[in-house]
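Here the structure is laid out as structure tokens; the discussion comes afterwards.
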Number of protein chains: 2
Amino acid sequence: MDDSGASSLKLESIRESLIRQEDTIIFSLIERSKFPINSRGYDESLGLVQGFSGSLARFIIEETEALQAKAGRFQNPEEHQFFPENLPPSLVPPHDYPKVLYPAAASININKRIWDLYFNELLPLFTVVGDDGNYASAVASDLSCLQALSRRIHYGKFVAEVKFRDAQQDYEPAIRTKDRDALMKLLTFENVEEMVKKRVQKKALAFGQEVSLNHNDKKVKCKVDPYVVSRLYEEWIMPLTKLVQVEYLLHRLD
Amino acid sequence: MDDSGASSLKLESIRESLIRQEDTIIFSLIERSKFPINSRGYDESLGLVQGFSGSLARFIIEETEALQAKAGRFQNPEEHQFFPENLPPSLVPPHDYPKVLYPAAASININKRIWDLYFNELLPLFTVVGDDGNYASAVASDLSCLQALSRRIHYGKFVAEVKFRDAQQDYEPAIRTKDRDALMKLLTFENVEEMVKKRVQKKALAFGQEVSLNHNDKKVKCKVDPYVVSRLYEEWIMPLTKLVQVEYLLHRLD
């Protein structure tokens, strides 16, 4: 833990990043919603890619991650791979990212869970039924969604670190007794969560609107249902972020 | 030219696609603007990628295109490669896209020009000076911008085809005499161009705003300057789309 790490860990900048990441998540959902669900791209047994056993989505995302690993993407502690097995090493010189996270707690990766929830639960909620054949483009959009969600949820590590540093005495007892419920309670602020839900709903309305020069055009058709975005935060993003925080804190005194 | 092609080529659907693509372009610019310019990622002589002679951006974009080609992306006549040389063949079964374009005119690709203008002129206009080391993520965003711009500009082929079919008698003389100026004049509607410029400016304001729950928060800080988006359309997107249209029409009677 060096000085640059400490100074870059300000609650204000964490908060700003979380708010900015909301926009990225909403943009990526809106962009994926241009395509129908294109289920064939996710069928593991269809053998769509000649010489590859698995879905087209898995093929594209595994290969894209391998390429991004070579380009150094995962050196940034904010980034997490979906397929960490056999990832090639970076071919670019290392960048000196601030060392903020506690090493024993830094390696948590719940992307397997994010993958499952995205494809099984979320995707059908904001895409229409159908198949337009644009699997490669749709999956590129899926990857943007997955990476945005993963970054937001794993940002819980930074949130937990700053909360821990600000009130170490409050967290230590629950960490020592491995009391997950007590940690979850310490980390939960219902009024903040309500505010986040309202804000992302408002953003989905602002970013998903049909912008027209005609001021009398009162169409409120939205590209992604603002309620789905609010629900995404309530049911998945915020609970999973807190899960990451709890897991991180449980290792914070290792 | 089959029936499905003719029926899918409606001016209304072309117009809708062009309007929807504006959103994609603006989202992609906003997302790229999260990172500083990160010039080292574009330096061709720096040798940043071990074993690759060229910039990190070229490495990532060439390799990503190769992967997307295997996944079938470029089977869609709306998609155009930046590095068409030595692209691997698709590994997925072909999709039956409507055959809309006139084969002798369909192969126009001005991505070299789009690449140069994006990196040399546009990127410095909407990113701040600096280097945060996130080259791989920034270049992934560049590719989204490039692909969105390329799709929009090459969509001129579809625009030209529908205009030609609607008024063949008006275009034929200029095509036969290869009169580019006359074609450009036939294709230019200044009032429409003015409307597009105003609309994209309004969209940049709507999508780039800081959405807050506080109604009295009158910050109008915008993530990407709406004037830059309007200028992008005026100086580059619309002229290059018309260039594609002219080139397409010049081959429409081959």
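The values are calculated or read from the model by the stated rules, or taken from the named source; none is laboratory data. Nothing here was measured: the structure is a model prediction, and the numbers come from that model. Cβ coordinates were reconstructed from backbone atoms using ideal geometry, including for glycine residues, and neighbour counts include every protein chain displayed. In case anyone asks, the SASA skips ligands and DNA or RNA and just uses the protein heavy atoms, side chains included. Shrake-Rupley method; radii C 1.70, N 1.55, O 1.52, S 1.80 Å.
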Among residues of the stretch B:166-182, those that are at pLDDT below 95 and of a type in the set (D, E, K, R), counted: 1
A:Ala106 within 30 Å of B:Asn38 (Cα to Cα), away from every other protein chain (no Cβ under 14 Å) and open to solvent by 20 Å² or more (accessible area, probe 1.4 Å): yes
Index of the failed condition, A:Val162 passing every other in (1) aliphatic (A, V, I, L, M); (2) in contact with a Gly (Cβ under 9 Å, 6 or more places away or on another chain); (3) open to solvent by less than 30 Å² (accessible area, probe 1.4 Å): (2)
Residue list for the stretch B:43-61, restricted to those being closer than 27 Å to B:Gly156 by Cβ and either away from every other protein chain (no Cβ under 11 Å) or open to solvent by 30 Å² or more (accessible area, probe 1.4 Å) (or both): B:Arg58
Single residue of the stretch B:109-134 satisfying the filter (at the interface with chain A (Cβ under 9 Å from one of its Cβ atoms) and under 21 Å from A:Phe27 (Cβ atoms)) that is farthest from the chain's Cα centre (by Cα): B:Asp132
Residue count, the stretch B:43-72 (criterion: more than 20 Å from the chain's Cα centre (by Cα) and over 30 Å from A:Arg40 (Cβ atoms)): 15
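Do the conditions hold for A:Ser144, that is, is it open to solvent by 10 Å² or more (accessible area, probe 1.4 Å), at pLDDT 95 or above and part of a helix (DSSP H, G or I)?
Values: open to solvent by 10 Å² or more (accessible area, probe 1.4 Å): yes; at pLDDT 95 or above: yes; part of a helix (DSSP H, G or I): yes.
Yes: the conditions hold for A:Ser144.
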Single match in A:Gln68, A:Gln81 (criterion: under 20 Å from A:Tyr155 (Cβ atoms), at pLDDT 95 or above and either in a helix (DSSP H, G or I) or within 8 Å of chain B (Cβ to nearest Cβ) (or both)): A:Gln68
Residue list for the stretch B:20-40, restricted to those being outside any loop (DSSP other than H, G, I, E, B), more than 8 Å from every other protein chain (Cβ to nearest Cβ) and open to solvent by less than 40 Å² (accessible area, probe 1.4 Å): B:Gln21, B:Glu22, B:Ile25, B:Ile26, B:Ser28, B:Leu29, B:Arg32
Long-range neighbours under 7 Å by Cβ, at least six apart or interchain, first residue within 23 Å of B:Val100 (Cα to Cα) within the stretch B:70-89, second part of a loop (DSSP other than H, G, I, E, B) and of a type in the set (Phe, Trp, Tyr): B:Gln75/B:Tyr97; B:Asn76/B:Tyr97; B:Pro77/B:Tyr97; B:Glu78/B:Tyr155
Total residues in the stretch A:147-159, condition open to solvent by 10 Å² or more (accessible area, probe 1.4 Å) and among the basic types (Lys, Arg): 2
